[in-house]
1. Calculate the FRET efficiency for Asp259 and Arg160 from the Cβ-Cβ distance with a Förster distance of 25 Å, rounded to the nearest 0.05.
2. For the range 154-224, what does the relative contact order come out to in percent, with C-alpha contacts under 8 Å and a separation of six or more?
3. Given 5 Å bins starting at zero, what is the percent of C-alpha pairs of the range 72-205 in each, up to the one with the largest pair distance?
4. What are the radius of gyration and Dmax of the range 105-169, computed over its Cα atoms and given in Å?
5. Given a cut-off of under 8 Å on Cα pairs at least six residues apart, what relative contact order in percent is computed for the range 113-249?
6. Please report, in Å, the Rg and the Dmax of the range 188-270, where both are computed over Cα atoms only.
7. Could you work out how far apart the two model spin labels at Asp75 and Ile219 are, taking each label as a point 7 Å from the Cα in the direction of the beta carbon, and quote it in nm?
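Since every read-out is calculated from the coordinates, none of them should be taken as a lab result. Quick caveat: nothing in here was measured; it's all calculated off a predicted structure. Glycine also receives a Cβ, built like all others from the backbone with ideal geometry; neighbour counts cover every protein chain displayed.
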Amino acid sequence: MVGATWARGDLREGDRIELRIRRDGVWQPWEPMNGDSTPDLIGRVAVSGDLRLHAGTGQRDFSPTPLTLDTGVPDADLVRIVGDVNGDGLADAVARTSAGDLIGLRARGAGRFQALPSRIGGGWQIFDLIEPVGDYTNDGVPDLVARTTSGELRVYALTRSLTVGWQLLIGSNWQGARSITAAGAVNVDINADVVVLRTDGSVRLCRGTGPGALNHHDIVLTGQTDLVRILGTGDFTGDGPNDILGQAADGRLFRYPGDGKGGFRPSRQPVRAPSEVDRVLV
């Protein structure tokens, strides 16, 4: 369903939730957080700093009546919602503490998390980018991608018990990536593809071939220098192809429709968001 992501010290980045549904034999990059089948929005309120869940209406906008979210990890400096890890149909999340511990947050429905978070592991302070990457390992469970400060890009395979099963180095010299997201199967196969926003404003599609290094990529968009984040939402509008959304530095949201040919249309469309939320991703 949605996407929201926040980081202490830069909480103006909205939080990311991901939907993930199997449709026509293909895993799509999203799961509902509130139990329906429409992408939602999570964002940060400028005045209070609260995280709010706004349910999607299915008409390119969101409910004006939000739900305040509580992660249960008061010292978290980053939160990422990764998708349905434990197989209950609801989007689960991870949080990183200021000490570098990665904490698992299990969803319990109605847009809320279970009361007792679980520690996944330590040492995650070495990463300057942590994002959901969909089911990169093709085992039916969504995974994480993380970049070290030296530019290594690693995939961490999650298990149904919300632990890390194994890791895979998929690239080096990735300092030029500003944002990375799962896009589902953008082309006609069943492998999860990865979309990368680079600091030069180009958007590149890395076509998945199953677990392994990211080698081949296509430049699918250029000139998107005002974007700070991108998010794979699956088929946001219900027309078939998977779409992506981008967030500009001033908080505006745009949809980039899938073109049905393994890429995205260059003409972006504004997405309406609640006025109280200053930084969001959907």
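1. The value I calculate is 0.10.
2. Once divided by the residue count of the range 154-224, the mean separation gives 22 percent.
3. Percent of Cα pairs in each bin: 2, 11, 20, 23, 21, 14, 8, 2, 0.
4. Spelled out, the Cα radius of gyration and Dmax of the range 105-169 are 12.8, 39 Å.
5. 16
6. 12.5, 36
7. 4.5
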